[in-house]
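> If you scroll down you'll find the structure; I have some questions about it.
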Amino acid sequence: MNNGKVDVLLGLQWGDEGKGKVVDVLTPNYNVVARFQGGPNAGHTLEFEGQKYVLRSIPSGIFQGDKVNIIGNGVVLAPDLFMDEAMELEKSGHNLKNRLHISKKAHLIMPTHRVLDAAQERAKGKSKVGTTGKGIGPTYTDKISRMGLRVGDILDNFQEKYQAHKERHLQMIANLGYTDFDIEETERKWMKGIEYLAQFPIVDSEHEVNALLREGKNILCEGAQGTMLDIDFGSYPFVTSSNTICAGACTGLGIGPNKINRVYGIMKAYCTRVGAGPFPTELFDETGDKIRAIGHEFGAVTGRERRCGWIDLVQLRYSIMVNGVTDLIMMKSDVLDSFDTIKACVAYKVNGTLTRDFPYDIEKGIEPVYEELPGWKTDLSQLTDESQFPLPFKQYIDFLEKELETPIRIISIGPDRQQTIIRK
């Protein structure tokens with residue numbers, strides 16, 4: 001039997017590592033691209049042929065004409081936002097209807113989930129997590145509480161199911177004392193989104209994925225957000241509501257762990273974080289501002305300013321461990337082109353004690369220990385081969401590979417698809 005392979009691609013930091021571009025670069029090697037978790041709170045930005053696209057729920061393989069794209073059961077889907085995103089892509093000439101398959105078991109984000117999101121954030125007062133307000137958390141809460149509405153429910157007695165869920169949510173919102181909302185217009189568009197969604201193949205994705213593997217097809221599983229936002233292993237409670245790590249590909253698509261081959265971990269040459277929560281290597285000075293300006297570090301979905309800092313190898317070693325990363329991909333190396341020196345955090349002092357292990361709590365008592373390396377002072381964005389890399393950049397790569405004990409296979413030196421160097 002000619003079994004296909006499953007490779008997983010995911011972010012190793014706090015999200016925003018540049019996964020969309022890498023999926024687009026890698027997809028020629030795969031027949032199928034599948035998204036396994038998260039919702040429209042994640043934006044994957046792709047740039048090619050002078051056009052810029054932001055994908056929120058649709059897998060990044062959609063730009064490759066002959067690929068099957070699957071939205072898996074681990075994803076939460078907002079029909080109105082999905083419709084906007086898909087129609088925008090269709091306008092630019094991409095035919096989606098046959099190539100994009102949606103799992104019956106994916107959960108639906110209702111308009112009332114967004115209101116609940118806002119109401120619950122307000123109720124937290126100063127303890128806000130800093131959600132995107134897209135209703136992701138309340139949707140996953142319903143899923144875990146066994147009270148969710150799923151894509152497959154569209155196919156049978158939908159209005160009655162929807163109404164029952166809506167009434168339950170409105171009661172919860174009233175109990176929180178939240179009155180500042182009107183969902184009438186949103187709901188109208190949401191229902192149009194449901195009609196639009198029903199035009200796509202709605203499938204038992206776990207059967208489809210495994211059948212494709214038996215046919216010898218290769219599948220790339222695309223994660224959203226980053227490892228440090230994982231509900232179990234991230235910087236809790238400032239995390240997302242799903243498992244962003246490699247294991248999430250198994251539960252979010254119905255793939256056995258023995259099917260997974262390569263695990264590609266994506267990181268930036270520095271580090272960023274959006275929203276609230278601890279960030280040990282965050283820079284509050286001109287250097288941080290400079291990284292943000294050069295790297296255009298603003299959220300693809302929310303436009304929020306990203307917090308910037310030096311690369312954190314304590315955190316990356318932890319991410320590599322919990323994901324079983326086999327290959328590293330380094331993004332945005334060119335952002336550091338003009339720096340005289342580059343810093344990398346190699347250990348933490350936790351309440352005065354030195355450690356290279358990522359601790360349970362990184363909110364207080366953490367002091368990053370840095371190693372300083374010479375900057376390369378070269379415009380990397382024009383290079384086409386690793387043989388052209390300046391010596392200090394080669395030394396930076398060697399240093400990272402030694403510290404992380406994992407090879408860096410791909411290096412991105414600009415936003416365009418062409419500005420990608422695959423190392424020999």
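Computed from the coordinates by the stated procedures, all read-outs in this text should not be read as laboratory data. If you're wondering where the values come from, they're calculated on a predicted model, not measured in any experiment. Here the Cβ is made from the backbone with ideal geometry for all residues, glycine too, and neighbour counts use every protein chain on show.
> Take each of the peptides 4-11, 24-31, 172-179, average the number of other beta-carbon atoms within 10 Å over its residues, and list them starting from the highest.
Listed from highest to lowest mean packing, they are 4-11, 24-31, 172-179.
> Cα to Cα, under 20 Å, and not fewer than 8 places away if on the same chain: which lysines meet these conditions relative to Lys124?
Lys134
> Quick one: among Val350, Val314, Val68, which has the greatest mean-square fluctuation in a GNM of the chain with alpha-carbon springs under 10 angstrom?
Greatest mean-square fluctuation among the candidates belongs to Val350.
> Using the Kirkwood formula over every pair of different C-alpha atoms, what hydrodynamic radius in Å results for the stretch 32-162?
Details: mean 1/r = 0.0634 Å⁻¹.
Evaluated on the stretch 32-162, it is 15.8 Å.
> For the stretch 279-424, compute Rh as the Kirkwood radius over C-alpha pairs and then the Stokes-Einstein diffusion coefficient at 37 °C and 0.692 mPa s; write the answer in µm²/s, rounded to an integer.
The diffusion coefficient I find is 200 µm²/s.
> Which value, in debye to the nearest 20, gives the size of the charge dipole of the chain about its Cα centre, when Lys and Arg are +1 and Asp and Glu are -1 at the Cβ?
About 700 debye.
> So what are the ³J(HN,Hα) numbers for the stretch 6-16, from phi and the Karplus equation (6.51, -1.76, 1.60; θ = phi - 60°), rounded to whole Hz, Gly and Pro as x?
My calculation for the stretch 6-16 gives 10, 10, 10, 10, 8, x, 9, 10, 9, x, 6 Hz in order.
> Also: Restricting to bridges with both residues inside the chain, how much of the DSSP beta-bridge set is antiparallel, in percent to the nearest 5?
Roughly 40 percent of the DSSP beta bridges within the chain come out antiparallel.
> List every residue whose amide H lies under 5 Å from the amide H of Ile70, counting only residues 5 or more places away in sequence or on a different chain, with H placed 1.01 Å from N in the peptide plane.
For Ile70, whose amide H was placed from the backbone, the distant partners under 5 Å are Val33, Ala34, Arg35, His101.
> Projecting each Cα onto the charge dipole of the chain (Lys/Arg +1, Asp/Glu -1 at the beta carbon, about the Cα centre), which of Gln13, Gln64, Ala198 comes out farthest on the positive side?
Ala198
> Around Gln13, which amide H atoms from residues at least 5 apart in sequence, or from another chain, sit under 5 Å from its own amide H, with H modelled in the peptide plane?
Thr227, Met228
> Using only C-alpha positions, report the orientation-averaged shadow area of the convex hull of the stretch 280-335, nm², one decimal.
The number I arrive at for the stretch 280-335 is 4.8 nm².
> Next up: Could you give me the percent of Cα pairs per 5 Å distance bin for the stretch 197-303, shortest bin first, beginning at zero and ending with the bin that holds the maximum distance?
For the stretch 197-303, the pair-distance distribution reads 2, 9, 15, 17, 16, 13, 11, 8, 5, 3, 1.
> How big is the shadow of the Cα convex hull of the chain, averaged over all directions, in nm²? The partial results should precede the final answer.
Numbers: hull surface 83.3 nm².
Seen from a random direction, the Cα hull of the chain projects 20.8 nm² on average.
> Where both residues lie in the stretch 205-349, what percent of DSSP beta bridges are antiparallel, nearest 5?
Roughly 40 percent of the DSSP beta bridges within the stretch 205-349 come out antiparallel.
> Another question about this same structure. I want the antiparallel fraction of DSSP beta bridges within the stretch 263-345, as a percent rounded to 5.
Around 40 percent antiparallel, to the nearest 5.
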